[in-house]
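Everything on this sheet refers to the single structure shown next.
No lab work stands behind these numbers, since they all come straight from the coordinates. Just so you know, these numbers come straight off a predicted model, no measurement behind them. A quick note on method: Cβ atoms are made from the backbone with ideal geometry, for glycine too, and the neighbour counts reach across all protein chains shown.
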Ligand code: AMP
Ligand code: MG
Ligand code: MG
């Protein structure tokens, strides 16, 4: 169903993102059920891509681009520019539940140019290939003026061990100033439970987790899944002293966590910017907490040696001139309504940079 232009842009974006996240979850489920994952090794440490990552990204980006042609969208996967997106792959629904909520006052008048969408079509791909299905999520983060402002975390295989046929998809969404919806919180959690990576660990990561004095460590996959553990009160903090996590891993989880009073920053406690021109890796690492964020920042500062800490650089947004260069890049998706940067319908060029800029601003 179409949505009135009088609904604030942010709520239309969130509503469309919730709907398309369910479609992406269905794609991931179908790939698993068919059984041919089409695994490609992207060359890094445990850095894999499957048919679910590829198809879900095509679906999400083509769908959001169709509804919001002037909003910048970055997706994780580097996809061949020749891929044609069939029309029936485009999700046109807007989630009605989202539209029943009022947009926070301070976000009612944002424009297309204020927004960057960060898409991780499948977070926890390594775990997806190994059957840790509850670690897998679809992440759509909406940054406004460089701040993680709204997000969608869809868990395609929620409760897969209890519900037959790989569980059921659930969607958690949230907006800063409004709150987050679609999950239940445990009442209380004892101790100091820390969650961190299971497939990208190293000495520095382990030492930094230890510096935070955990009573228990949960080594699980996916940035989205780890933040779900925080918001459900199954863990107190997510500690990741590594540069391996990217903006599409943290934007949606950060917005949701912060809408509930938690925080997600780099390991020094500095905010992570999400402007279009920003470096993709979270070079300052990731620290997310439900509460007492500064306590964790101070423990890391106190107990991790300064030479190690100096390797984690807080991210700064690049100068605005770079942003306009990025906006010159061409589309790398194709569908019947999309225009490439040179304005010719359906004509595409090969992308030049490492950046997967899916849309351009006009
Ligand atoms: P993890 O906690 O290991 O599941 O990582 C969270 C997200 O960051 C996933 O999307 C990973 O693919 C990504 N990530 C973390 N470390 C690395 C790395 N060393 N190389 C590539 N991707 C990584
Ligand atoms: Mg990811
Ligand atoms: Mg991914």
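Please say if the stretch 49-181 is rounded, prolate or oblate, where rounded means a/c under 1.5 for a ≥ b ≥ c the square roots of the C-alpha gyration tensor eigenvalues, and otherwise the choice is prolate for a/b larger than b/c and oblate otherwise?
Since a/c reaches 1.5 but b/c is at least a/b, the shape of the stretch 49-181 is classed as oblate.
Rounded to the nearest 5, what is the percent of antiparallel bridges among the DSSP beta bridges in the stretch 71-143? Display every interim value, and only then the final one.
Working: 6 of 10 bridges.
The antiparallel proportion sits near 60 percent.
Can you grab the distance from the C-alpha centre of the stretch 175-211 to the C-alpha centre of the stretch 153-170, Å, no decimals?
Using only Cα atoms to place each centre, the spacing works out to 20 Å.
If we count other beta carbons within 10 Å of each Cβ, what is the order of 6, 201, fewest first?
Final ranking by Cβ density, sparse to dense: 6, 201.
Provide the gained length on full extension for the span residue 190 to residue 113, in nm with one decimal, where the gain is 0.36 nm per separating residue minus the Cα-Cα distance.
23.3 nm
Separation between the residue 88 and residue 298 pseudo-spin-labels, each 7 Å from Cα along Cα→Cβ, expressed in nm?
6.0 nm
Kindly rank 133-141, 11-19 from highest to lowest mean number of other beta carbons found within 10 Å of each residue.
133-141, 11-19
Mind giving me the nanometre distance, one decimal, between the label points for residue 317 and residue 181, set 7 Å out from Cα along Cα→Cβ?
Rounded to a tenth, the inter-label distance reads 2.9 nm.
Take 203, 274, 22 and order them by how many other Cβ atoms sit within 10 Å, fewest up front. Please report the intermediate quantities before stating the final value.
Details: 203 9, 274 27, 22 19.
Least to most surrounded, the residues fall as 203, 22, 274.
Highest mean first, how do 73-79, 45-51, 152-158 rank when packing is the count of other Cβ atoms within 10 Å averaged over residues?
Working: 73-79: 22.0, 45-51: 17.7, 152-158: 29.1.
Averaged packing, sorted descending, gives the order 152-158, 73-79, 45-51.
Most fluctuating residue of 303, 233, 247 in a GNM of the chain with Cα springs under 10 Å: which is it?
Highest fluctuation among the options: 303.
Kindly express, to the nearest 10 degrees and within the range 0 to 90, the angle between helix 293-303's C-alpha long axis and the longest C-alpha principal axis of the chain.
Relative to the chain, helix 293-303 is tipped by roughly 60 degrees.
Kirkwood hydrodynamic radius, the stretch 269-312, all distinct C-alpha pairs: what's the number in Å?
11.9 Å is the Kirkwood radius here.
What's log10 of I(q)/I(0) for the chain at q = 0.06 Å⁻¹, Debye sum over Cα points only, no solvent?
Debye output, listed in q order: -0.20.
Could you calculate the FRET efficiency of residue 215 with residue 161 from 1/(1 + (r/R0)^6), where r is the beta carbon distance between them and R0 is 22 Å, rounded to 0.05?
Given R0 = 22 Å and the Cβ-Cβ separation, E is 0.30.
Length gain on complete extension for the stretch residue 45 to residue 291, per 0.36 nm per residue less the alpha carbon to alpha carbon distance?
85.4 nm is the gain from fully extending residue 45 to residue 291.
What is the Cα convex hull volume of the stretch 137-208 when expressed per residue in Å³?
Cα-based convex hull of the stretch 137-208, divided per residue, equals 171 Å³.
Please give the length that would be gained between residue 306 and residue 105 if that part of the chain were fully extended, namely 0.36 nm times their separation in residues minus their C-alpha to C-alpha distance (nm, one decimal).
So the chain would gain 68.1 nm between residue 306 and residue 105.
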